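S.K.: Here's a structure for you.
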Amino acid sequence: MTDRSTLVRQNLQAVQSRIADAAQRAGRAADEVRLVGVTKYVDADATALLANAGCSTLGESRPQQLWEKADSPELAGRSIEWHLIGHLQRNKVRQTLPHVALLHSIDSLRLLKAVQQAAAAIGQPARALLEVNCSGDAEKHGFAPDELDAVVGSLAEYPDVEIHGLMTMAAREGGADQARNNFALLRELRERVAPNAPDGVSLTELSMGMSGDFEEAIAEGATMVRVGSTLWEGLR
Ligand SMILES: *Cc1c(COP(=O)(O)O)cnc(C)c1O
């Protein structure tokens, strides 16, 4: 019988070594790829096991769960970087920003404006990525690829939002090949729109890849992979 903390530690090590192998196959250094451990499936107790095992960048997809975990007795006051990876409603921006080191999911101009306003009001710039709907799946959030040039060209209008790169999710259908196409598209979009960015803005981060497809994402240049299910396998 493996105890819970050993299990989580082993799962983390397995994911880290798959990341290192995928980076090596792509001719990249393992430390060019950051693991965001996605904790939306588990409680604060299990989340603390992952942090104890050495994964200190954690992602939640729902703002309210992120606030609750970040403030929970198990996790408050630790050197954890919280990332919001899911959709953020405009009425939750103000409460979310102080907890979050990186917002992966700016998916509309309305949200970008709301983040600008809140960051200016709080007096602390927000760090964020622009989410792009590379798959075209109707249920997914994000800018359409052909909207991105204009959005990036307008970033100087949002001086309190630091945009560091792009994020996407692969198509629900089509398996590894389709995922890899979606990730290649995000990388190509980055190359295309980066020259339009205002001075001082460099779109270096590509947040792409989850449990089922993070190796494909690393092959296409992911700098952050968001892995959940695989980290919690066998936990009950
Ligand atoms: C849940 C989630 C993940 C992690 O997915 P797994 O398949 O469990 O690894 C990554 N990104 C986003 C946006 C998510 O909502």
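The values are calculated or read from the model by the stated rules, or taken from the named source; none is laboratory data. Just so it is clear, the structure is predicted and the values come from calculations on it, not from any experiment. Here Cβ is always computed from backbone atoms with ideal geometry, including for glycine, and neighbour counts include all displayed protein chains. Surface accessibility is based on the protein's heavy atoms, side chains included, excluding ligands, DNA and RNA. Shrake-Rupley method; radii C 1.70, N 1.55, O 1.52, S 1.80 Å.
S.K.: Largest first, what is the accessible-area ranking of K113, K40, K69 with a 1.4 Å probe?
M.R.: Reading off the accessible areas and sorting them downward yields K113, K40, K69.
S.K.: Net charge near L235, counting Lys/Arg +1 and Asp/Glu -1 over other residues with Cβ under 13 Å of its Cβ?
M.R.: -1
S.K.: I would also like to ask the following. From largest accessible area down, sort Y158, Y41; use a 1.4 Å probe on the protein chains.
M.R.: In descending accessible area the options line up as Y41, Y158.
S.K.: So what is the accessible area of the chain per residue, in Å², with the probe set to 1.4 Å?
M.R.: Each residue of the chain exposes 47 Å² on average to a 1.4 Å probe.
S.K.: Do the alpha carbons of any pairs in K40/K113; K113/K140; K92/K140 sit beyond 23 Å of each other, and which pairs?
M.R.: Distance filter (> 23 Å) returns K40/K113.
S.K.: Picking from Q124, L185, G27, whose Cα lies most toward the positive end of the charge dipole for the chain (charges on Cβ: Lys, Arg +1; Asp, Glu -1)?
M.R.: Working it through, the farthest residue towards the positive pole turns out to be Q124.
S.K.: Okay, moving on. When the accessible area of the chain is computed with all protein chains present and a 1.4 Å probe, what percentage of it is carbon and sulfur?
M.R.: Percent of accessible area from carbon and sulfur atoms in the chain: 45.
S.K.: Under the Karplus relation 6.51 cos²θ - 1.76 cosθ + 1.60, θ = phi - 60°, what is the ordered set of whole-Hz ³J(HN,Hα) values for the stretch 9-26, x standing for Gly and Pro?
M.R.: 4, 5, 4, 4, 4, 5, 5, 4, 6, 5, 4, 5, 5, 5, 5, 4, 4, 8
S.K.: If you find the alpha carbon centre of the stretch 94-154 and of the stretch 220-236, how far apart are they in angstrom?
M.R.: Their Cα centres are 23 Å away from one another.
S.K.: Also: Given the protein chains as shown and a 1.4 Å probe, how many square angstrom of D3 are accessible, to the nearest 10?
M.R.: Counting only protein heavy atoms, D3 exposes about 90 Å² to solvent.
S.K.: Taking the dipole about the Cα centre of the chain, with the C-beta of Lys and Arg at +1 and of Asp and Glu at -1, give me whichever of M169, G136, L148 is farthest to the positive side.
M.R.: M169
S.K.: Under the rule of -39500 (n - 2.57) per DSSP H run of 4 or more residues, summed and divided by the residues of the chain, what mean residue ellipticity at 222 nm is obtained, to the nearest 500 deg cm²/dmol?
M.R.: Helix-only estimate at 222 nm: -11500 deg cm²/dmol.
S.K.: Next up: Could you rank R226, R172 by how accessible they are, 1.4 Å probe, largest area first?
M.R.: R172, R226
S.K.: Suppose every K and R has +1 on its Cβ and every D and E has -1 on its Cβ; what is the size of the dipole of the stretch 147-236 about the Cα centre, in Debye to the nearest 20?
M.R.: 280 debye
S.K.: Would you mind getting me the FRET efficiency between S79 and A176? Use the beta-carbon distance for r and R0 = 41 Å, nearest 0.05.
M.R.: Efficiency at R0 = 41 Å is approximately 0.70.
S.K.: On to the next question. Expected output is a single nm value to one decimal: the length gained when fully extending between Q95 and A156, i.e. 0.36 nm times separation in residues minus the C-alpha distance. What is it?
M.R.: 19.5 nm
S.K.: Let me know the charge dipole size of the stretch 4-228 about its Cα centre in debye, to the nearest 20, where only the beta-carbon of Lys, Arg (+1) and Asp, Glu (-1) is charged.
M.R.: 480 debye
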